[in-house]
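Let me begin by presenting the structure, written as structure tokens, before commenting on it.
The values are calculated or read from the model by the stated rules, or taken from the named source; none is laboratory data. In this text, all values refer to a predicted model and were calculated from it rather than measured experimentally. Please note: Cβ atoms are built from the backbone with ideal geometry, for glycine as well, and neighbour counts cover all protein chains shown. Just so you know, the surface numbers come from the protein's heavy atoms only, side chains and all, with ligands and any DNA or RNA stripped out. Shrake-Rupley method; radii C 1.70, N 1.55, O 1.52, S 1.80 Å.
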Amino acid sequence: MFSSKEEFKAAFKEQLEDRYGRTLETASEYDTYRALGTLIQEKINNKWLHTQQHYKRNKTKQVFYFSMEFLMGRLLGNNLLNMDVLTLVEEGLDELGLSLSGLEEKESDAGLGNGGLGRLAACFLDSLASLEMAGHGYGLRYKYGMFDQHIIDGKQVEFPDYWLSKDFVWEVRRPDEAIEVRFGGQVSSTRDKEGKLHFKYEHYEPIQAVPYDVPIVGYKNETVNTLRLWSAEPSVGDTMSRAEKEGEFGHFLGHKRSLESISDFLYPDDSTEDGKRLRLKQEYFLVSAGVQSVVRYFEKLGVPWSSFPEKAALHINDTHPALVIPELMRILMDEKGIGWEEAWEITRSSVSYTNHTTLSEALESWPVGLVRSLLPRIFMIINEINERFCQELWSTYPGDFDRIADLAIVADGQVKMAHLSIVGSHSINGVAKLHTEILKHREMKRFFHTFPDRFNNKTNGITHRRWLMHSNRKLASLITETIGDTWIHEPQQLSRLMSRKDDLSFLDQLHDIKHQNKVEFAEWVQQTQGITVNPHSIFDVQIKRLHGYKRQLLNALHIMHLYNELKADPAMEMVPRTFFFGAKAAPGYHFAKTVIQLINRIAEVVNNDPAVNDYIKVVFLPNYSVSMAEKIIPATNISEQISMATKEASGTGNMKFMMNGAVTVGTMDGANVEIHDHVGDDNIYIFGLTSEEIWEYYNQGSYSSSSIYHNDERIRHILDELIHYSPFSKGETEFQAIYDALVTYNDEYFVLKDFPDYLLAQKKVSQDYQRKRQWNLKSLVNIAQSGVFSSDRTIQEYAEEIWKINRVGALK
Ligand code: 26V
């Protein structure tokens, strides 16, 4: 790398001049960002090449993590950190009169994901490389990532995120490794002399999948893995012949456009599955390109097919890439001549599946007609998998029609992707203990009964390199000064901070860092939003997708209640609080959009009322993203994790906040349960119904939100303000839908039921926050106990128990 600052500065200037034709004086900030990025990329390339060679030479088993989403965020800072040149580069730039953080802001966020599932994939890649494990990501190179959210007149408006309009300096296009993916057409079969069936696939539409590789740099080691993003392009031969046949350039261009559209954009809806043809095309495009490239690599190793599972693990991130199963079967049988039984054994032993949601509306199923016409051969294979599976069930549970219909992969004219994923893999995991228990004993109960050994838990994690070392450098330095740096490689060593629990000066230092982070964040809010916030107020933050079950509405109703209280009693004592929200709603999710509108209306009312705005402020931060999360999390006091119990599979934001010393207000849901186990009752504010209580209400059918409305004066007051004339409704009817959901349609997510308990928890927060020492101790305990939520722990578990891979060890 660079042996000194001087060497770096010289190389940097040379890069700027030779590659971009600019000098320090004439370069724009973007030029300097690009020069720095490409310079670092060149340094990475060497390690990248060596890592690949090492894997090949040693025939190392490799993990291929198939995911429709990789929410990478920015890579510059992370790569500098992992290459161990962050400080050197920062100081070098400083001497040249440039600020690293300024340059970092020039990089666009790679927002190729919706939320938790996509960000988890990104954290996993960082951990795999940092643990010196051979694991790569396979995804799509969407031209447009997650939409840009603007708030106009208090409402969400979506704009396309053309993130590639600026060069993505980290990618390397590899046209020579392009792969053909086939859609449509017909399949015919013939029998040879031995009676073996052969399938012929004709009249299909070929599309080229061109890989763009992004290096994934391990922390201070020699490992550089690959995130391979596939982009759709017309197949050259096919377009030439079409142009000739049709003799018309216009047709040719139209055709080219329609092919390329496959990797055009990320579907921005993570709440409902709506069976769009283009989405299925995207899924198969990723899967087919990915599996073919794995097979191509495997064949070069020159080992027998039966050892495929010892050389490759194919992991599917939710059911979106579940077609990996029939695609691998197709290649093994149709292209490599392997018989069904052996192909099935190889496939099942190689594939593993993570489930990320139990929400039935998000479970994927595809109409049979669509799968058959778009993927005729794949459909035949899925049917055969289904037939054989149902036969097996019949011999285990003879006559149990109900069970077989319930478990079938193809039923009611639909292909059920979760069923395909379970039947075709050797491991199925949930993402937090509670979630896995719900899968085993409720949502997938019958499958668990059939395949008990396949189910296991892998509680999610987050990379402490991005989410602590890079985003909160002051805190990371204090930790290292206090307990040394072993925690960096073994994050569970953070628990050694507990030895400082009675050390007042240490607790003060923690407090000071939090305060400085709040001041910096407040400045950013002032500059970007034009809102003045008081850094001495409690920073109370809810940042995540907007969804009914996540209950941003509960938070909003709490603020309305505080407002009402302060208006009724201006002398009321209140600890000042600033409520921050960041949330995108799926474009077609009207209810979620109405909640965004309500939050913005509350902000308008509260922030403009001098009678309250010394005590309460509300800030809706538009266009929440990975890089915004990195700014706000270090400045947070209260982490809102208030989903209705049973609904949030895990949550990972909860872990990021904890690691940065925020205290959680949360329900016993997802990984909150495990956070509570680790920090204990005194260091988390748990409220609300438990999962058991919720099931009890379901069983009894005994929940009545309207009786709560009628009996709780506070709730009635707030809800009436939504529909009658009030500062919040301004006499308009837009919030009627919220009132109806809560009162008329019996409050699907138990918002009203949990409201009183939530209020009590928040009261306690305000009281406790004033006792500075105790509060700092809570913050300390959260940091000290957060090590277990590093994705390094999660990845070690996947590696040992699912993928059966080891650390590769130092590459030389
Ligand atoms: C769902 C769908 C439905 C079909 C159409 C496209 C689409 C795209 C994304 C999704 C994702 C829903 C699943 C998800 O993001 N789950 C979240 O996963 C996190 C990581 O495991 C976990 O922490 C969150 O609790 C869980 O909601």
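Over region 736-812, accessible surface divided per residue gives 43 Å², non-protein components excluded, 1.4 Å probe. Here the dipole of region 539-651 is about 580 debye; that uses its Cα centre as origin and unit charges on the Cβ of Lys and Arg (positive) and Asp and Glu (negative). Past 29 Å, Cα to Cα, is the threshold; run LYS196/LYS281; LYS196/LYS804; LYS336/LYS458; LYS9/LYS166; LYS474/LYS501; LYS281/LYS804 against it and keep the listed order. In this structure, LYS196/LYS281; LYS196/LYS804; LYS336/LYS458; LYS281/LYS804 lie more than 29 Å apart at Cα. Pairs of Cα atoms nearer than 8 Å and 6+ residues apart set the relative contact order; for the chain it is 13 percent.
Taking only alpha carbon atoms, region 549-696 gives an Rg to Rh ratio of 0.97, where Rh is the Kirkwood radius. Mean residue ellipticity, 222 nm, helices only, the chain: the sum of -39500 (n - 2.57) across DSSP H runs of n ≥ 4, divided by residue count and rounded to 500, is -14000 deg cm²/dmol. Averaging sequence separations of C-alpha pairs under 8 Å and six or more residues apart, then dividing by the length of region 614-736, give the relative contact order as a whole percent. Averaging sequence separation for qualifying contacts and normalising by length gives 16 percent for region 614-736.
Judged by the mean number of other Cβ atoms found within 10 Å, the most tightly packed of the peptides 787-795, 534-542, 494-502 leads the ranking 787-795, 534-542, 494-502. Distances between placed amide hydrogens fall under 5 Å for TYR204 paired with GLN186, all partners being 5 or more residues away or on another chain. Averaged per residue, region 470-586 has 39 square angstrom of accessible surface, using a 1.4 angstrom probe with ligands and nucleic acids left out.
Taking every Cα-Cα distance in the chain and sorting them into 20 Å bins starting at zero, the pair-distance distribution P(r) comes out as 15, 47, 32, 6, 0 percent. With all protein chains in place and a 1.4 Å probe, the accessible surface of region 633-715 carries 44 percent carbon and sulfur. Counting only protein heavy atoms and a probe of 1.4 Å, the accessible surface of region 436-515 is 47% carbon and sulfur. For region 685-691, 3J(HN,Hα) computed residue by residue from phi via the Karplus equation (6.51, -1.76, 1.60; θ = phi - 60°) reads 10, 8, 9, x, 5, 8, 4 Hz, glycine and proline entered as x. Across the cross-link table entries LYS593/LYS617; LYS656/LYS772; LYS143/LYS730, which are compared at the Cα atoms, the separations over 29 Å belong to LYS143/LYS730. Simple point charges give the picture: +1 on the Cβ of Lys and Arg, -1 on the Cβ of Asp and Glu, and for the chain a dipole about the Cα centre of about 1340 debye. The apolar share of the surface of region 1-74, taken as the fraction of accessible area on carbon and sulfur atoms (1.4 Å probe, ligands and nucleic acids excluded), comes to 44 percent. Rounded to the nearest 10 degrees, the inclination of helix 277-301 to the longest alpha-carbon principal axis of the chain is 60 degrees.
Along the axis of the charge dipole computed for the chain (Cβ charges of +1 for Lys and Arg, -1 for Asp and Glu, origin at the Cα centre), the listed residues SER188, SER99, PHE379 are led at the positive end by SER188. Taking a probe of 1.4 Å, how large is the accessible area per residue of region 597-672, in Å²? Accessible surface, normalised per residue, equals 19 Å². Taking amide H atoms as placed 1.01 Å from N in the peptide plane, the amide H of GLU180 lies under 5 Å from those of ALA209, each 5 or more residues away in sequence or on another chain. In region 524-682, a dipole from Cβ-located charges (positive for Lys and Arg, negative for Asp and Glu) runs towards its positive end, and of PRO587, HIS561, GLN542 it is PRO587 whose Cα lies farthest in that direction.
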